[in-house]
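Everything below concerns the one structure shown next.
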Amino acid sequence: MRIILLGPPGSGKGTQGDLISRKYGFPRISTGDILRRAVRERMALGLRAEAMMNKGELVSDDIVQDLVRQRIAAEDCRRGYVLDGFPRNVPQAEALETMDPGRRELALELMVDLELLLQRLGARLVCPACHALYSREIQPPRTAGVCDACGGALLSREDDRPEVIAERVRVYLRESEPLRAYYQSRKAYAAITAAGPVPEVFDLIAARVDRELGMSGTPQGRGRE
Ligand code: AMP
């Protein structure tokens with residue numbers, strides 16, 4: 001089974017992806033996280049992606065597809081995986097099906113209104129040491145500016161600056177409609193109301209995933225799903 005999280009930046013894909021990963025034991029694969037690490041570590045991949053990321057634009061399909069192809073070939077993805085931030089357009093969705101054909105899939109689109117997400121993104125803080133996420137408003141750290149988990153000094157993400165946020169949302173709006181239609185046509189799409197508190201949103205997601213897993217009749221843990 002592969003779970004594909006769709007939704008604009010700031011809709012909670014990372015947080016919900018982690019919860020899904022914990023409950024179902026599927027690794028969460030975030031192309032954004034992998035790319036940011038490559039940028040930090042000054043890897044060739046990062047150097048190729050950095051300029052586009054800093055502008056809020058998509059990096060080339062080839063780069064992200066290679067990265068996902070390698071990651072999902074790993075043993076921990078055999079039973080399933082959660083994709084956060086990939087696919088971002090229909091060519092990427094088609095490439096995903098080609099690299100891992102016939103796997104059952106469920107695309108969940110986290111629906112939030114634009115105003116709420118701009119507020120969330122502007123308030124987002126990240127720990128550069130352990131990558132924990134916080135929000136100045138919704139989920140503040142116990143001590144302002146300090147990571148609860150490791151004591152690191154929290155920063156705003158480079159691409160959470162207002163002008164870059166606007167571009168990231170614009171890119172999302174442009175690509176989301178065809179992607180939604182693609183998964184709808186495959187009968188693998190569900191919209192999730194994601195404006196509420198994290199546990200409520202997760203309950204909606206888990207109910208949908210349970211339904212999907214229940215329909216297969218395939219016991220979890222028995223080979224590839
Ligand atoms: P994210 O953390 O998912 O918002 O991704 C941060 C940035 O990484 C995006 O604004 C893009 O520049 C790049 N990126 C992440 N995933 C993809 C993807 N599937 N296709 C193209 N660019 C991506």
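The numbers here are math on the coordinates, done by the rules we state, and not lab data. Remember, it's a predicted structure, so these values are computed and weren't measured experimentally. Counting neighbours? That spans all protein chains shown, and the Cβs are built from the backbone with ideal geometry, glycine included.
Derived scalar couplings between HN and Hα for segment 71-83 equal 5, 7, 7, 6, 4, 5, 9, 4, 6, x, 7, 10, 9 Hz in order, rounded to whole Hz, by the Karplus curve 6.51 cos²θ - 1.76 cosθ + 1.60 (θ = phi - 60°), x for Gly and Pro. The HN-Hα couplings worked out from phi for segment 185-192 by the Karplus form 6.51 cos²θ - 1.76 cosθ + 1.60 (θ = phi - 60°) are 5, 8, 6, 10, 10, 9, 8, 10 Hz, whole numbers, x standing for Gly and Pro.
Counting every other Cβ atom within 10 Å of each residue's Cβ, Glu97, Glu105 order from fewest to most as Glu97, Glu105. A simple count of charges around Ala95, restricted to other residues whose Cβ falls under 9 Å of its Cβ and scoring Lys, Arg +1 and Asp, Glu -1, yields -2.
Volume per residue of the convex hull around the Cα atoms, evaluated for segment 88-225, comes out as 157 Å³.
Ordering Asp100, Asp160, Asp66 from the fewest to the most neighbouring beta carbons within 10 Å gives Asp66, Asp100, Asp160. For the chain, the longest principal axis of the Cα atoms and the long axis of helix 90-99 meet at an angle of about 50 degrees.
Centre-to-centre, using Cα atoms only, segment 6-62 and segment 164-197 are separated by 16 Å. When only Cα pairs below 8 angstrom with a gap of at least 6 residues are kept, the chain shows a relative contact order of 29 percent. The dipole here belongs to segment 1-100: it is taken about the Cα centre, uses +1 on the Cβ of Lys and Arg and -1 on the Cβ of Asp and Glu, and is about 380 debye. The trypsin sites (Lys or Arg not before Pro) found in segment 82-186 that occupy coil by DSSP, while having at most 13 further C-beta atoms within 10 Å, are Arg142, Arg186.
Of all beta bridges that DSSP places with both ends in the chain, some 25 percent have antiparallel geometry. Under 5 Å from the amide H of Ala191 lie the amide H atoms of Glu109, each residue being 5 or more positions distant or on a separate chain, with H modelled from the backbone and absent for Pro and chain starts. By the count of other C-beta atoms within 10 Å, a proxy for reagent exposure, Leu204, Leu125 are ordered fewest to most as Leu204, Leu125. For Lys13, the lysines whose Cα falls under 17 Å of its own Cα, not counting residues fewer than eight places away in the same chain, are Lys23.
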